[in-house]
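What follows draws every value from the coordinates through simple rules; no lab data is involved. In this text, all values refer to a predicted model and were calculated from it rather than measured experimentally. Note that each Cβ is placed from the backbone with ideal geometry, even for glycine, and that neighbours are counted across all protein chains shown.
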Amino acid sequence: MPAETTAPSPDARPDDSAPRVRPLGPEDHARQWRLHALSFGEDLTSPPDPGSEPEGAVRYGAVGRGEDLLGAVTLLPREHWWGGRRVGAADVTDVAVQPEARGAGVATSLLRALLEGGRERGAAVSALFPTVAGLYRRAGWEVTGTLTTVEVPTHALNRGGPAPGLATRTGGPADLPAVAELYEREARARSGMLVRPAPPTDRLPEGVDGLTLVEDGDRLVAAASWHRGRGYGREAVFTVRDVVADTPAAARTLLGVLGGWAPVARNLHLRLLRGDAVAAALPVELARVVDRKVVMHRVVDVERAMAQRGWPSAVRGSVVVALEDDLAPWNSGTWELAVSGGEGAARRTDAEPVVRLTPSGLAGLYAGSTTALGAVRTAGAEVLVEDRAAGLAALDVLACGDLVEVLDYF
Ligand SMILES: CC(C)(COP(=O)(O)OP(=O)(O)OC[C@H]1O[C@@H](n2cnc3c(N)ncnc32)[C@H](O)[C@@H]1OP(=O)(O)O)[C@@H](O)C(=O)NCCC(=O)NCCS
């Protein structure tokens, strides 16, 4: 656990009156939950069941004089898929500061503690869904991708029966491990998708009313879990929680079954993943975006982040960068970042840096969400050599991965 740290004092008060950041224990949970519920507009009268805690969650709080809880944050230790490999992550949720304590660096101190704690737990990267991107960008995260929900008219999906050789059936809890494998086949080659924990096999996930499956012989090739929604009038919405398919034919077959809901649920909502088999089979020209959440990423530990992810195997090269990272000082210094044969590495070096990178610039390049020029124009990266074009080109070795898209909100 990181040692207690002191938030910067806004008005040069003595240190003992400045907020202290410390890990929160079970005795603090009720206070943290109240702060969370106030901040995010949730029902203050129904605290969550203690058993519904995300697994392994680590909480940090900023406490003032008299142990008042001024702010809190939760670290979710888990893994993401990046280019076919699992990468350790310290995801961020429940960032909240008491209204009277805002604007004095409390959230930033909490993020610093979370980065230390994440590093101690082996994290290489971190993801979060911001309500205010500026706070996290200053702290080294960068907007890297989206979680997009679209609405399609359900009748537009009803395109006849199963494709040749495919069969549809109703699934149950016993099918969930095969559905999880289907998700993993899609997610593992992408950037930033969650490595999901093993599903339960005794019940469907909360909020899921049904599971529709498509099989090719005894192999599962497409699946959708869904929530029926209320009513059957014009406004009725059928929500697909998760939909994955191995091939466009399997996706068309699955969407055909979902299209059968058209008479009683005219609108269908689903989370769209660019370039997957479902998107290839969907009448995307009719899809209307109804919700779009941006996701941000940060490099927690540059050595692990470079080494743990998979890189495009055709990319080969290296670049020497100077990195200054106030919140995660173990990343500061001059690094040679190299990619070759699908592997990456970060090594400290005495060589002259070609580019100076900020943590948010590094995050955008690592996640493939910005170009070298974009990192200069928007994230404070600076070319340090005379040949500017060559300096920018050298950074392309990083900005070469798949774009980030995710399906899980937290
Ligand atoms: C957002 C929130 C956590 C910020 O906490 P805080 O302790 O005031 O943040 P900090 O003082 O550490 O601010 C750090 C930087 O972020 C910026 N920032 C903070 N809140 C901001 C806001 N609402 N809009 C724009 N920028 C903001 C600050 O300008 C500051 O930069 P500066 O030091 O260069 O001025 C707090 O306002 C809050 O609890 N809001 C309600 C809940 C919420 O939105 N949580 C975030 C969930 S993702």
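What is the projected area of the convex hull of the Cα atoms of region 301-401, averaged over all directions, in nm²?
Numbers: hull surface 22.3 nm².
Mean orientational projected area (region 301-401, Cα hull): 5.6 nm².
Quick check: pseudo-label points 7 Å beyond the Cα along Cα→Cβ at Val132 and Trp33, how many nm apart are they?
For the pair Val132/Trp33, the computed spacing is 2.6 nm.
Tell me, what is the FRET efficiency for Glu181 and Val315 to the nearest 0.05, using R0 = 25 angstrom and their Cβ-Cβ distance as r? Write down the numbers at each step before the final one.
On the way: r = 29 Å, r/R0 = 1.15.
The computed FRET efficiency comes out at 0.30.
Taking 7 Å along the Cα-to-C-beta vector as the label spot, tell me the Thr93-Glu55 distance in nanometres, rounded to one decimal.
1.3
Just from its helices, what would the mean residue ellipticity at 222 nm be for the chain, if runs of 4 or more DSSP H residues each count -39500 (n - 2.57) and the sum is divided by every residue, rounded to the nearest 500 deg cm²/dmol?
Details: 10 runs with 93 residues, N = 410.
Value at 222 nm, helices only, nearest 500: -6500 deg cm²/dmol.
Using the Karplus curve 6.51 cos²θ - 1.76 cosθ + 1.60 with θ = phi - 60°, work out ³J(HN,Hα) for each residue of region 80-88 in order, rounded to whole Hz, and write x for Gly and Pro.
10, 8, 9, x, x, 10, 8, 10, x
If I take R0 = 56 Å and measure r between the Cβ atoms of Glu100 and Asp218 in this structure, what FRET efficiency does the formula 1/(1 + (r/R0)^6) give, to the nearest 0.05? Before the final figure, lay out each step's value.
On the way: r = 61 Å, r/R0 = 1.09.
Efficiency computed from Cβ-Cβ geometry: 0.35.
Among Val397, Val302, what is the fewest-to-most ranking by other Cβ atoms within 10 Å?
Numbers: Val397 20, Val302 25.
Listing Val397, Val302 from fewest to most nearby Cβ atoms yields Val397, Val302.
Report the residue, chosen from Val214, Val132, Val243, that carries the largest GNM mean-square fluctuation when the chain is represented by alpha-carbon nodes joined by springs under 10 Å.
Val132
Extension gain Lys293-Arg377, at 0.36 nm per residue separation less the Cα-Cα distance, in nm?
Working: separation 84, 0.36 × 84 = 30.24 nm, distance 2.36 nm.
Stretched out fully, the Lys293 to Arg377 stretch lengthens by 27.9 nm.
Return the sequence-ordered ³J(HN,Hα) values of region 217-224 in whole Hz as given by the Karplus equation 6.51 cos²θ - 1.76 cosθ + 1.60 applied to θ = phi - 60°, using x for Gly and Pro.
Once rounded to whole Hz, the list reads x, 9, 9, 6, 10, 7, 7, 9.
If r is the Cβ-Cβ distance from Arg86 to Ala174 and R0 is 30 Å, what FRET efficiency results, to the nearest 0.05?
On the way: r = 26 Å, r/R0 = 0.87.
So the FRET efficiency works out to roughly 0.70.
I want the local charge near Gly310. Using Cβ-Cβ distances under 11 Å, sum +1 for each Lys or Arg and -1 for each Asp or Glu among the other residues.
Working: positive: Arg85, Arg86, Arg188, Arg190, Arg309; negative: Glu343, Asp402.
It works out to a net charge of +3.
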